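Visitor: One structure is given below, represented as structure tokens, and several questions about it will come after.
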Amino acid sequence: MTRYRAADPATLRIVPLDALTLIYHRASGITHVVDAPVPEILEALGSETLDAFQLLARLAERFDLADADEAALAARLDELAAAGLVQHP
């Protein structure tokens, strides 16, 4: 099972901006403009290493997830990994 960890907080500058969030990734020099659930995913991961099932359970504790889908979350995590915001340890 694939495991994920948020990028080192020292490499990210996260700035909420109304309904969107700006994430400056220092390592790449790219600023990402994201919407929910990306900030929530990064916060839920924190410094821990989790698989999609564990992360989904953590998110379900904090938020009302009517249509929680582990495969969709794993796909989103892979997208975030490609952007450098999440790592596969």
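The values are calculated or read from the model by the stated rules, or taken from the named source; none is laboratory data. These numbers come from a predicted model, not from an experiment. Here Cβ is always computed from backbone atoms with ideal geometry, including for glycine, and neighbour counts include all displayed protein chains. Each accessible area value is taken on the protein alone, full model and side chains, heavy atoms only, with ligands, DNA and RNA left out. Shrake-Rupley method; radii C 1.70, N 1.55, O 1.52, S 1.80 Å.
Visitor: Nearest 500 deg cm²/dmol is fine: what mean residue ellipticity at 222 nm does the chain get from its DSSP H runs of n ≥ 4 alone, each adding -39,500 (n - 2.57), divided by its residue count?
Guide: Counting only the DSSP helices, I get -11000 deg cm²/dmol.
Visitor: Within the chain, list the chymotrypsin sites (Phe, Trp or Tyr not before Pro) lying in a DSSP loop whose Cβ has at most 15 other Cβ atoms in a 10 Å radius.
Guide: Phe63
Visitor: Suppose each label sits 7 Å from its Cα in the direction of the beta carbon; what would the Tyr24-Ala82 distance come out to in nanometres?
Guide: For the pair Tyr24/Ala82, the computed spacing is 2.6 nm.
Visitor: Another question, then. Mind pulling the angle between the C-alpha long axis of helix 52-62 and the longest principal axis of the chain? Nearest 10 degrees, somewhere in 0 to 90.
Guide: Tilt relative to the chain: about 90 degrees.
Visitor: What area, in nm² and to one decimal, does the C-alpha convex hull of the chain cast on average over all directions?
Guide: 5.6
Visitor: Can you send over the solvent-accessible area of Glu61, 1.4 Å probe, protein chains only, in Å² to the nearest 10?
Guide: In the full protein context, Glu61 sits at about 150 Å².
Visitor: Now for a separate question. Taking 0.36 nm per residue of sequence separation and subtracting the Cα-Cα distance, how much length would be gained by fully extending the chain between Arg3 and Phe53, in nm to one decimal?
Guide: 17.0 nm
Visitor: While we're here: Is any residue of the range 64-88 close enough, with backbone N under 16 Å, to a label point placed 7 angstrom from the Cα of Glu43 along the Cα-Cβ axis, and if so, which?
Guide: 64-65
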